[in-house]
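The values are calculated or read from the model by the stated rules, or taken from the named source; none is laboratory data. Remember, predicted model here, so these are calculated numbers, not experimental data. Don't worry about glycine lacking a Cβ; one is built from the backbone with ideal geometry, like all the others, and counts go over all protein chains shown. Ligands, DNA and RNA are stripped out before the accessible areas are found, and what is left, the full protein with its side chains, is counted by its heavy atoms. Shrake-Rupley method; radii C 1.70, N 1.55, O 1.52, S 1.80 Å.
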Amino acid sequence: MTSIIPARTAPSRVRPLPRPSGPGSAARTVPAPLAPRARLLPSLAAVYRAQLSRARVARIPLLFVATFQSVGIMVLMRGVVDGGAEARAVVAGSSVLVVAFVALNLLAQYFGQLRAGGGLDHYATLPVPPAAVVLGAAGAYASFTVPGTVFTAITGSVLFQLPMTHLWILVAVIPLSGAALAGLGAALGLLAPRPELATLLGQLGMSAALLLGVLPADRLPGPVGWARDLLPSTYGVEALARSFDARPDWGMIGFFLAICAVVGVLSLAVATWAYRRAAVR
């Protein structure tokens, strides 16, 4: 007789089917972890080395032109200026003019061409902070002016018979003036809508450094003197000019260098903001 009660069977282990992972499924996906963002100092060092090697190849003829231009200005002024405060202003302004030619003029052209040619897109895809790109390029261009500035200062000191005892002040004048002028040049190049306009603005800035930096401040009319106070290189020129005195006023020299440092920080901050604005467009 067959029983109508079903026999008790052993439970079987059935592996659950995997849940579908299509776009309409509710499967939970875990995103892959991203690589950590590059830190500022290593990124800054990498950009600085790359820009310095590039400038060393492409900018040597232009550095020669900047140095030759500054020395030529001092030779021309030698027939007009005998000595005193005028001679100190001519030598200091001509020396800082080398920094203005490279750090302001050439950097404005470089960032203007970089923006117009789509080069900013390359930097925008790299995991580097925007400040590293601006500071690296500015530092490279400012460092590139060291030989020409030192040569111009020594030549002017010999030409106008000025003491060279305190020329070590160039160790502070070159980086601080270079930072202020490079930040201004980068901002002009990044904010200009066209590369031609960036070149024009860089040329105008260098001309202002030439006219307002070489001439003594007491020989300039009032409105022009106010424009001289707004120029970032003015305070580096004043610090270098006062170092030629027999007894330099180091308090005033430090004051001018401090102003130059503050202006440099502000101009580099504006250049960083301009880079972020141009990179997202």
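Is there a residue being within 19 Å of the chain's Cα centre (by Cα), farther than 22 Å from residue 235 by Cα, at pLDDT below 90 and in a helix (DSSP H, G or I) anywhere in region 146-166?
no
Residue 174 - would you say it is hydrophobic (A, V, I, L, M, F, W, C), more than 20 Å from the chain's Cα centre (by Cα) and over 20 Å from residue 230 (Cβ atoms)?
No; evaluated as a whole, the condition is false for this residue.
Take region 84-115 and flag every residue that is open to solvent by 10 Å² or more (accessible area, probe 1.4 Å), more than 27 Å from the chain's Cα centre (by Cα) and at negative phi.
Of everything in region 84-115, those that are open to solvent by 10 Å² or more (accessible area, probe 1.4 Å), more than 27 Å from the chain's Cα centre (by Cα) and at negative phi turn out to be 85, 86, 88.
Determine which single condition residue 193 fails, assuming it passes every other condition in (1) more than 14 Å from residue 267 (Cβ to Cβ); (2) in a helix (DSSP H, G or I).
(2)
Can you pull out every residue in region 201-229 that is farther than 21 Å from residue 94 by Cα and modelled with pLDDT of 85 or more?
Taking region 201-229 as the starting set, the residues that turn out to be farther than 21 Å from residue 94 by Cα are 222-223.
Scanning region 201-229 gives no hits.
Among the residues of region 233-281, which ones are at pLDDT 90 or above, charged (D, E, K, R), open to solvent by 50 Å² or more (accessible area, probe 1.4 Å) and assigned to a helix (DSSP H, G or I)?
242
Among the residues of region 125-141, which ones are open to solvent by 20 Å² or more (accessible area, probe 1.4 Å) and among the β-branched types (Val, Ile, Thr)?
Matches in region 125-141: 125, 128.
Which of the residues spanning region 222-232 are within 22 Å of the chain's Cα centre (by Cα) and either under 20 Å from residue 156 (Cα atoms) or open to solvent by less than 40 Å² (accessible area, probe 1.4 Å) (or both)?
228, 231, 232
Before we move on, is residue 257 without any contact (Cβ under 8 Å) to a residue 24 or more places away in the chain and either within 22 Å of residue 104 (Cβ to Cβ) or in contact with a strand residue (DSSP E or B) (Cβ under 7 Å, 6 or more places away or on another chain) (or both)? Spell out the reasoning first.
On the way: without any contact (Cβ under 8 Å) to a residue 24 or more places away in the chain: no; either within 22 Å of residue 104 (Cβ to Cβ) or in contact with a strand residue (DSSP E or B) (Cβ under 7 Å, 6 or more places away or on another chain) (or both): yes.
When the stated conditions are applied, residue 257 does not pass them.
What are the residues in region 169-195 that are surrounded by fewer than 24 Cβ atoms within 10 Å (Cβ to Cβ) and touching a residue at least 60 places away in the same chain (Cβ under 8 Å), if any?
169, 170, 172, 191, 192, 194, 195
Take residue 126 and decide whether it is closer than 21 Å to residue 259 by Cα, of a type outside the set (Asp, Glu) and in contact with a helix residue (DSSP H, G or I) (Cβ under 9 Å, 6 or more places away or on another chain).
On the way: closer than 21 Å to residue 259 by Cα: no; of a type outside the set (Asp, Glu): yes; in contact with a helix residue (DSSP H, G or I) (Cβ under 9 Å, 6 or more places away or on another chain): yes.
It is false that residue 126 is closer than 21 Å to residue 259 by Cα, of a type outside the set (Asp, Glu) and in contact with a helix residue (DSSP H, G or I) (Cβ under 9 Å, 6 or more places away or on another chain).
Name the pairs: first residue in region 209-234 and under 19 Å from residue 149 (Cα atoms), second residue of a type in the set (Lys, Arg) and surrounded by 14 or more Cβ atoms within 10 Å (Cβ to Cβ), Cβ to Cβ under 6 Å, at least 6 apart or on different chains?
Hits for this filter: 212/228; 234/228.
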